[in-house]
Structure formats: C-alpha cells, structure tokens
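What follows is one structure encoded as structure tokens, with my remarks underneath.
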Amino acid sequence: MQETSTPEIVLEAKGISKRFGSVQALDCVSLSFRKGEIHTLLGENGAGKTTLMNIIYGLYQKDAGEILVNGKVQEIRSPHDSLQLGIGMVPQFFKLVPDLSILENIYLFMQKTKFIIDRKGARATIKELSQMFCFGLEDKIDREVGSLTEGEKQKVEILKILARGSRILLFDEATNVLAPNELDSFLQIVKDLNKSGYSIIYITHRLQEALQISDRISAFRKGKLVGTIPGEEATLEKLTVMMVGAELEKTSAVLPQEKGQTILEVKELSVIDERGLPALKNVSCRFYEGEIVGLAGIEGNGSNYLAEALIGLRRVKSGKVIYQGSDITHSLPMRRMRLGMSLMPSSNALVPLFSVRDNTILDYPEKAPFSRHGLLDRKAITAHAKRIVNDYQVQTPSLLLQAVKLSGGNRQRLALGRKIESNPKFMIAYHPTKGLDIKSQGFIYEKLLAMKKEGMTVLFMGTDLDELLLVSNRLMVIYRGEIVGVFDDLRSVSKFDVGVLMTGGALCEGVANVEN
Amino acid sequence: MKTNKQPNLNEEDARLRTMRRSALSISKLTLASPLAYVIAFLLTFLIGGAVIYALTGQNPISVYGSFFAHSFFSEYGILEVLAKATPIIIAGAGMIIAFRCGLWNLGAEGQMAIGAIVSTAIGVNLNLPAGILLPIIFLASFVGGALWSGIAGFLKTRFGVHEMLSTLMLNYIALKLLEYMIIGPLSMPHPNYPRSSEILLQAQMPFLQYPLNVTFLIALALIPIVWFILNRTSLGYRLQAVGFGREAARLAGMDIAKLTMIVMLVSGGISALGGTVEVVGDFMRMERNVTGGYGFTAIVVVMLAREEIIAMPFAAFFISGMIVGASSLTLAGIPAAFSQILIGLLLLCVVFAGYIERWLRHRWEYAGKAAC
C-alpha cells in the first residue's frame with residue numbers, strides 16, 4: 001500500500017481502534033504521516049483526533065491495529081517509548097514544574113547519559129535551539145517557569161521535545177492557551193520547525209489555522225477518519241463539510257414563534273478562566289419564556305463558562321445577569337436553583353457511588369417532602385425515585401443500584417428526570433446528549449420539547465448541528481468567548497452557515513447582530 | 001446492543017482523574033471484598049509468623065495463641081480490650097464523618113489532646129454537681145476540639161491548604177500544648193513527674209467493672225448517632241455526596257466550602273471526646289501519655305473498617321486486642337512493639353490485597369477488547 005510518490009512515510013497508523021467503555025473513540029483508523037510535512041488533524045472535540053495522538057504518544061493503549069515508525073512496527077507502551085522513537089508531544093495542558101527554571105525543566109526531560117548534570121551542555125543546546133527558532137528565551141533560561149506567560153511556557157514545552165531529539169512533533173490544540181496576539185508568531189514557529197525538517201502533526205478544530213499551515217489535512221468525525229486532502233486543495237467549504245457532515249443544505253423545520261416574556265437577560269457578561277485569560281467577552285443575550293435556544297459552540301470556546309456563570313458556579317468579572325427582573329449576577333447556585341434555574345450537565349450529574357434512589361434528590365436534599373427539619377424521609381424519596389424511574393424510562397434492576405452501574409443513557413435520563421421534577425423555569429442543558437445513543441437522545445429532545453410547551457425555557461448548548469437545528473427555536477453561535485451570530489428564523493439557516501461561524505471561518509458576515 | 005455513540009473524551013479524562021484521586025482514598029475503593037480481607041489477614045500472620053520463627057525459633061502458632069488468649073479469652077483481658085477500644089472508637093467515629101466527606105482529618109490525636117486539656121481544666125476547677133459538671137465537660141471538649149480542627153477547615157476553605165497536612169501538624173502543636181499544661185497552668189502541686197491534679201470526684205465517671213468504664217457506653221452510643229447523621233439526615237446526605245461525587249455535588253449547587261467547614265467542626269468535636277473519656281474515665285487527671293496514640297490508631301481502625309461506621313467498633317476491638325496482647329508477647333521473648341509491627345503489616349496487606357483485587361477486576365473487565 002505504498003504511495004507512488006516519493007515522500008517517505010515516517011509514521012503510520014494502521015487500523016487503530018480504541019474504545020472507552022461503551023464509546024468507540026476510534027474506529028479502525030488508518031493514516032500515514034510523511035517526512036517533513038505539516039499534517040493537520042481536524043475535528044470537533046471527541047472526534048477521535050486527540051485519542052489517536054495519545055495512542056501514538058503512548059498515553060493510551062490501542063485496542064487493535066498497529067503503529068509503524070520509519071516502516072517498522074513498534075509497540076508504544078508509554079511516552080518513554082515514543083520519545084525513544086523520536087516522537088514528542090506538546091500537550092494541551094502544560095506539564096512543567098513552575099518552581100524550576102527553564103533550564104531545569106528542560107534538563108529534567110532530556111536524555112540523561114551521565115550521572116552528573118551537564119548544565120553547560122544543556123544550556124548551550126537550549127540557547128542554540130531558542131535562537132534558531134527565534135523563541136526569544138535565551139535571556140530567560142534561569143527564570144522560574146511559573147513567572148512566564150502561557151505563550152512562553154508553550155515554547156518551553158517545544159524546547160523540551162526538541163532538546164530530547166524528537167523529529168516528529170505532535171501539537172495538541174496548541175493555540176487554545178494562546179492570546180490572539182501570540183497566534184501568528186506561534187504559527188510561524190511551527191512553519192520554521194517544519195522548514196528545518198521536523199515532521200509535524202497538528203491537531204486543531206479551527207479551520208483557519210488548518211488552512212494557514214497544512215501540507216495535508218485529515219478530518220475526523222465521530223471516531224472515524226473522513227478523509228485526507230492536500231492543503232492547497234482545502235477550502236473553507238470543503239473542510240466544513242468534512243467536519244460537520246455531508247448534508248449541509250439541510251435547514252431547520254422549526255417555525256419561529258412569538259417571543260414570550262423575558263425570563264433571563266445577560267448583559268455584557270465577562271468571565272476569566274483559571275489562567276486569567278478572558279473566557280467570555282461581553283456576552284449579551286436575552287431569553288424568553290417557552291423557547292429553546294440553541295448555543296452552537298465547539299468545546300474550548302466558552303460555552304461551559306457561560307453555563308457555569310449563569311448558574312452561579314463561576315465568578316463573573318463584569319456584566320449582569322438578570323433573572324425575572326432581579327439581579328442574580330452574584331447569587332449562590334442554591335438561590336438560583338430555588339428561583340427556578342437548573343443546570344443539566346453532560347456528565348457528572350450523578351454521584352457515582354450513590355444509589356439510583358439517593359441520586360434523585362441531589363439538587364434538593366433539603367426540600368420538603370424529602371427532608372423535614374434536616375431529617376430525610378426515605379418513603380418520600382423512594383416514591384419520588386420510583387416516579388422518575390418510571391416516567392423517564394430509567395432501566396435499572398433496583399432503586400438501590402449504584403448509579404455508576406447504569407449505562408450512559410439511563411444516567412442522563414435519571415438526571416434529566418431529577419432536574420425536570422423540580423419544575424425549573426429556565427434550564428441550561430450543557431451537551432445533554434453527549435455520548436448517548438440515538439434512542440436516548442430522542443428521549444431527551446422529546447422531554448425538553450414537552451417542557452417547552454409548558455413554558456420552560458431551555459438554553460441548549462451543543463456541538464452537533466443536526467440536534468441543535470432539530471430542537472431550537474433560535475440559535476446563537478459562540479466562538480472564542482464571543483457570541484458571533486444569532487439566528488432568529490432557522491428555516492433559512494443551513495448547517496454550513498453555522499459551521500463556518502463555529503469554527504471561526506468567517507466572523508460576523510451577513511449575520512443578524514446580537515440584540516440588546 | 002452496541003450502538004455507535006459519540007466518543008466522550010472529557011468524561012473519560014474525568015474518569016481517569018477520579019481513579020487517580022481515589023487511589024489516595026485507600027479505604028473507599030481499594031478494599032473491595034471480604035475475600036481481600038481474608039487474604040490480607042492470612043498474609044499478615046504468615047509474614048509475622050515467619051518473622052517470629054526467624055527471630056526466636058519458637059512455634060508461631062503457640063506465640064499467636066498466647067497473644068490472643070490474653071486479649072480475647074480471659075475476663076480481665078476482654079475488659080481491658082474494651083476499655084482501650086473506647087477512645088479509639090470515639091476518635092474513629094469523628095474521623096469517619098470527615099472521611100465520608102472526602103476530608104482527610106488525620107488530627108484525631110491532637111483533637112483528643114485538646115479534649116483532654118479542656119476536660120481537665122474544667123474537671124479540676126469547676127465545683128458543680130456531677131449532673132451539671134459532666135455535660136459541661138463533654139460539651140466544652142466538643143467545642144474545643146471543633147475549634148481546633150476548625151483551624152484546618154478554615155485553612156482549607158480559605159487558602160486551599162490540604163487538610164491532611166494541617167491536621168497532622170496541628171497534632172504536634174496540641175500535644176506540646178498538653179505538655180505545657182501539665183508542667184505549667186494545670187500542673188499538680190509538687191508532682192513526682194509532670195501531671196495535673198486529679199479531677200474532682202464528681203467529674204470521675206464510674207467503672208462498670210475495672211478497667212471498663214461507663215464511658216465505653218458513650219462510645220457505643222456514638223455509633224448509632226453517627227450512623228443516623230450519615231444515613232438519615234440531609235447533612236449526612238450532602239456531606240457524602242461531596243465525598244463520593246465532588247463534581248456532581250458542585251454541579252448540583254452544593255456549597256462545598258460551607259460543608260467542609262461544618263464537617264471539620266463536627267468531626268474534630270467528636271474526636272476530642274476521645275480525649276475527654278481518657279481523662280474522666282481512665283486517668284482521672286492529665287498526664288503526658290493521656291492520649292496514648294489512640295488518635296493515630298484510630299486511622300488504622302477506620303481504614304480497616306472501610307469507613308463503615310457499623311464495622312468500625314469491631315475493627316477497634318481487634319486492634320485493641322492486638323495492643324493488649326502485646327504484653328503476653330514479652331513472655332515469649334518477643335518485644336511488645338512486635339504487635340505494632342503486626343498492626344502496620346495488617347494495614348499494608350489489606351491495602352495491598354485491595355489493589356491486587358482491583359487490578360484483577362480491571363483486567364477482567366477490559367478482557368473483551370474491540371477488534372478492528
């Protein structure tokens with residue numbers, strides 16, 4: 001199966017499969033990487049690209065298939081093995097010791113041949129590499145890594161694998177941590193590395209980056225390789241089709257409806273993330289009674305921060321959240337839930353070691369009739385649990401089964417039942433169908449639509465445009481912490497329009513503006 | 001029934017993270033089944049027996065026989081075992097409340113010391129009838145211990161200091177404070193060695209049959225109380241939700257910082273009563289070794305009992321039996337400290353057996369892998 005052209009294959013994955021529990025993360029993926037190319041792996045979160053990288057780097061073990069490095073089959077059991085083979089990864093979340101200097105961090109990672117630390121040699125190597133690729137770290141070699149910017153830390157990570165002698169470099173969602181102004185210089189570094197002969201595997205979900213730097217682009221969807229195309233043939237449209245699915249012309253059948261009364265208003269909300277970088281930038285939006293609003297956004301673009309900020313789990317830097325006329329910007333989550341807000345998460349909705357029964361009151365253990373004066377009423381809880389298990393088709397042999405033993409679909413149905421039974425007026429559904437089978441997904445849509453009819457508002461956050469267009473009355477798109485589009489009438493909106501916005505393909509082109 | 005599901009990597013990552021975290025919480029997931037226990041006990045006594053034989057050349061079985069004969073088959077021995085188990089059970093009960101909330105309160109020893117100090121200070125000085133004095137002593141000890149562990153709770157919720165470190169360090173401060181008290185403010189006049197005056201007669205609790213004190217009944221009564229708190233109150237529900245599913249509890253809107261504080265207070269308060277019973281039910285005064293390391297022993301006991309409140313007293317009896325039996329070891333020419341070695345070995349074996357079992361199960365579950 002050798003390609004006819006000259007390029008030498010440095011790394012090849014053959015028929016790689018990987019399963020996590022009931023989820024097929026990689027389904028028989030075969031892919032080869034040429035010497036000296038920048039090969040971009042494109043896909044949504046969970047499409048399988050990172051799993052493939054982790055298998056190549058030795059962090060996960062594959063279930064089936066084989067990996068060839070320079071034409072030889074290799075068993076990669078740990079990063080140690082892959083580093084020996086000249087494969088190095090720049091991880092999405094840095095693995096640096098903040099209290100050590102750049103020199104010490106890199107030295108820790110270098111191959112040690114001597115017992116005595118060769119500081120001089122290491123210093124010379126690092127200086128040389130830093131100068132060669134214009135990292136600008138030459139004068140900071142003895143600075144503590146903790147005092148560096150995120151961009152500089154990333155350069156240290158790159159230096160680490162270069163100093164270790166890796167020739168194949170994996171970049172995993174490398175630009176997520178970067179500030180916008182650091183982006184161009186980073187891409188330049190990747191290009192320079194490539195020019196010096198390094199083979200680069202570049203993982204991203206951002207189309208623009210893929211278009212800018214790739215020699216070849218491989219797109220992943222739902223654990224499968226969709227295809228590989230040369231960089232010069234790639235267009236925004238082609239890539240969007242590959243990433244989101246084929247039937248781009250499909251639009252929504254949901255008719256726009258009369259807007260009810262305002263239930264929640266978000267005014268110029270800004271939130272910063274753990275690293276102190278802006279996660280949400282002046283987000284403004286308004287929600288009305290009895291509607292489902294879709295929020296399309298690929299993970300890492302701030303929708304989780306919006307969900308947490310709205311329910312009160314994350315501190316707001318500036319802006320206002322007004323619920324039914326009262327300012328709740330700084331209220332505790334408990335208060336918001338008492339007022340009728342609710343968060344339906346994609347996972348972690350249940351306490352894994354609690355029984356099915358006990359999990360049915362997780363949001364409201366203090367509420368009558370489940371507890372009175374701090375004492376639990378087992379009978380009331382059992383009756384409540386029975387009702388939820390029946391109404392929401394939770395298949396369980398017993399109410400006392402540990403929740404961890406339920407399948408994913410049953411877990412989400414149980415959680416949704418618990419949320420809906422508290423009669424919320426505004427529900428934030430954060431990727432509520434993630435990882436579920438079609439039947440469970442359908443059940444969740446049905447319940448949400450039924451609740452909408454009864455006047456509940458749902459903010460439905462997701463990545464899958466099919467489902468967003470299926471259930472939403474209106475649709476918003478979030479990209480890099482900003483609402484980049486709002487669609488009030490979905491009949492005229494195609495998946496392509498939304499897909500381009502989601503991946504940063506075109507910013508605010510012919511799109512209705514954010515209303516105030 | 002395999003449908004093509006969308007991969008969910010974050011969930012997988014979260015699962016791996018929880019697994020890693022639970023590697024710390026030994027008793028929660030590693031000690032899986034009774035079988036692991038049987039293996040662990042056999043292993044402990046096998047290794048221990050080999051050491052006995054290698055060191056003294058005696059028949060290990062007869063040594064073990066005399067070891068347990070005193071603890072469990074003589075009347076005085078049994079009473080002694082129950083008496084020694086009293087502070088261990090109380091400290092363990094306090095500890096379990098914290099452990100069930102995922103908080104590593106290892107400060108029972110120090111909290112006991114605070115309990116002992118408070119009860120001595122009151123028991124020596126406050127001349128009231130027993131019916132009023134004793135409740136005051138217990139209540140004040142509870143408050144003292146709660147405030148002491150509350151320091152760790154405050155450091156945790158405010159500055160993120162891990163409670164394992166802070167409670168452990170607070171132990172040494174409390175023990176030194178206790179020493180200062182018996183040579184300083186609470187010292188008896190002209191002592192032969194550092195100790196406090198005897199507490200007032202009405203503060204001394206009666207013996208059921210020497211050496212077993214009425215305080216033993218208090219320890220026993222604590223078991224259903226703690227069980228009730230954990231299983232029948234919304235506080236217990238919430239604290240275990242945090243302990244067993246921190247992220248789920250957070251997403252459900254629970255105020256984890258506030259719960260952490262409450263749990264640390266209650267846990268420390270109960271553990272402190274372990275020191276109180278040593279003063280009012282055994283020593284009748286305060287001495288340097290009044291806490292006797294029972295706060296540390298309680299850690300072993302709680303782990304052996306897998307943080308199960310009902311199982312905990314039995315684990316306490318067993319460990320206490322090993323402590324009491326130590327004196328009979330010296331008759332066989334084996335140092336008494338050997339029983340401490342056995343206790344340590346037992347804990348290691350139980351943890352080890354748990355890991356082995358979990359590993360086997362893991363292999364078993366992932367045996368059927370997907371082929372291409």
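General observations
- Proxy reagent accessibility, fewest Cβ within 10 Å first, across B:PHE67, A:PHE426, B:PHE45: B:PHE45, A:PHE426, B:PHE67
- Computed Kirkwood radius, in angstrom, where 1/r is averaged over Cα pairs of region A:284-341: 12.4 Å
- For region A:341-357, backbone phi angles converted through the Karplus equation (6.51, -1.76, 1.60; θ = phi - 60°) give residue-by-residue couplings of 8, 8, 10, 9, x, 7, 8, 6, 7, 10, 7, x, 8, 7, 6, 3, 4 Hz, Gly and Pro being listed as x.
- DSSP assigns beta bridges within chain A; of those with both partners inside it, close to 55 percent run antiparallel.
- Alpha-carbon centroid distance for the pair region A:395-411 / region A:428-485, whole angstrom: 24 Å
- Estimated vicinal HN-Hα couplings, Hz - region B:130-142 in sequence order (Karplus 6.51, -1.76, 1.60; Gly, Pro = x): 3, x, 9, 4, 4, x, 4, 4, 5, 5, 5, 4, 4
- In this structure the amide hydrogen of B:MET284, modeled in the peptide plane, comes within under 5 Å of no amide hydrogen from residues 5 or more places off or on another chain.
- Rounded to the nearest 500, the 222 nm mean residue ellipticity of the protein assembly as shown from helices alone is -15500 deg cm²/dmol, with -39,500 (n - 2.57) taken per DSSP H run of at least 4 residues.
- Efficiency of FRET between A:GLN92 and A:ALA368 - r from beta-carbon atoms, R0 56 angstrom, step 0.05: 0.75
- Enclosed volume per residue, in Å³, of the convex hull spanned by Cα atoms of chain A: 174 Å³
- Compactness ratio for region A:146-201: Cα radius of gyration over 2.2 N^0.38 Å (N = residue count) comes to 1.10.
- For region A:446-487, the fraction of alpha-carbon pairs in successive 5 Å shells from zero, as %: 5, 20, 30, 23, 13, 7, 2
- Packing-based ranking of B:118-126, A:315-323 yields B:118-126, A:315-323, ordered from highest to lowest mean Cβ neighbour count within 10 Å.
- Under the criterion of Cα pairs below 8 Å and six or more residues apart, the relative contact order for chain B equals 33 percent.
- Between the beta carbons of B:LEU46 and B:GLN202, assuming R0 = 56 Å, the FRET efficiency works out to 0.65 to the nearest 0.05.
- When the alpha-carbon atoms of region A:2-152 are used, the pair Rg, Dmax equals 18.3, 51 angstrom.
- Förster radius 45 Å - calculated FRET efficiency between A:GLU8 and A:ASP466, Cβ distance, rounded to 0.05: 0.65
- Gyration tensor verdict on region B:224-307 (Cα atoms; rounded if a/c is under 1.5, prolate if a/b is larger than b/c, oblate otherwise): prolate
- Mean partner shielding of peptide A:352-363, defined as the number of other chain Cβ atoms within 10 Å of each residue Cβ, is 4.
- Cα-projected label distance for A:ILE438 with A:LEU108, points at 7 Å along beta-carbon direction, nm: 4.9 nm
- Restricting region A:1-98 to chymotrypsin sites (Phe, Trp or Tyr not before Pro) that sit in a DSSP loop and have at most 13 other Cβ atoms within 10 Å of their own Cβ leaves A:PHE93.
- Close amide H partners of A:MET344, meaning residues 5 or more places away or on another chain with modelled amide H under 5 Å apart, are A:ILE428, A:ALA429, A:TYR430.
- Chain A, relative contact order [Cα under 8 Å, separation at least 6], %: 16 percent
- Between the amide H of A:LEU170 and those of A:GLY88, A:MET89, A:VAL90, A:ILE201, distances stay under 5 Å, these residues lying 5 or more places away or on another chain, with hydrogens modeled in the peptide plane.
- Exposed trypsin sites (Lys or Arg not before Pro) absent - longest run of chain B, DSSP non-H/G/I/E/B, at most 15 other C-beta within 10 Å: B:3-287
- Between B:VAL351, B:VAL51, B:VAL324, the GNM of chain B built on Cα springs shorter than 10 angstrom shows B:VAL51 fluctuating the most.
- Estimated D of region B:245-372 in µm² per second, where Rh is the Kirkwood radius over Cα pairs and Stokes-Einstein applies at 4 °C, 1.567 mPa s: 70 µm²/s
- Computed label-point distance, nm, for sites B:LEU217 and A:ASN181 using a 7 Å Cα→Cβ extension: 7.6 nm
- Note on region B:83-145: Cα convex hull, mean projected area over all directions, 4.8 nm².
- In sequence order, region B:217-223 has phi-based couplings of 5, 4, 4, 5, 5, 5, 4 Hz under the Karplus curve 6.51 cos²θ - 1.76 cosθ + 1.60, θ = phi - 60°, and Gly or Pro positions carry x.
- Stokes-Einstein diffusion coefficient of region A:33-103, Kirkwood radius over Cα pairs, 37 °C, 0.692 mPa s, in µm²/s: 235 µm²/s
- Reducing region A:56-71 and region B:268-331 to their Cα centroids gives an inter-centroid distance of 53 Å.
- Kirkwood Rh and Cα Rg combined as Rg over Rh, evaluated for the protein assembly as shown: 1.03
- Residues listed by number, region A:199-232, amide nitrogen under 13 Å from A:LYS35 label point at 7 Å toward C-beta: A:199
- Going from the residue with the fewest nearby Cβ atoms within 10 Å to the one with the most, A:LYS18, A:LYS191, A:LYS447 rank A:LYS191, A:LYS447, A:LYS18.
- Once the gyration tensor of the Cα atoms in region A:399-438 is diagonalised, the equivalent ellipsoid follows with semi-axes of 19, 15, 6 Å, ordered largest first.
- Two-site label geometry, A:LYS320 and A:ASP142: point separation in nm, points 7 Å out along Cα→Cβ: 5.4 nm
- Chain B: radius of gyration and largest Cα-Cα distance (Dmax), Å: 22.7, 84
- Whether region A:236-360 is rounded, prolate or oblate, judged on the alpha carbon gyration tensor where a/c under 1.5 counts as rounded: rounded
- Under the Debye formula (equal points on every Cα, no solvent term), log10 I(q)/I(0) of region A:85-164 at q = 0.12, 0.18, 0.24 Å⁻¹: -0.29, -0.68, -1.23
Read-outs: derived from the displayed coordinates by stated rules, not from any lab. Note that this is a predicted model, so its numbers are computed, not measured. So basically every Cβ, Gly included, is an ideal-geometry build from the backbone, and we count neighbours across all protein chains shown.
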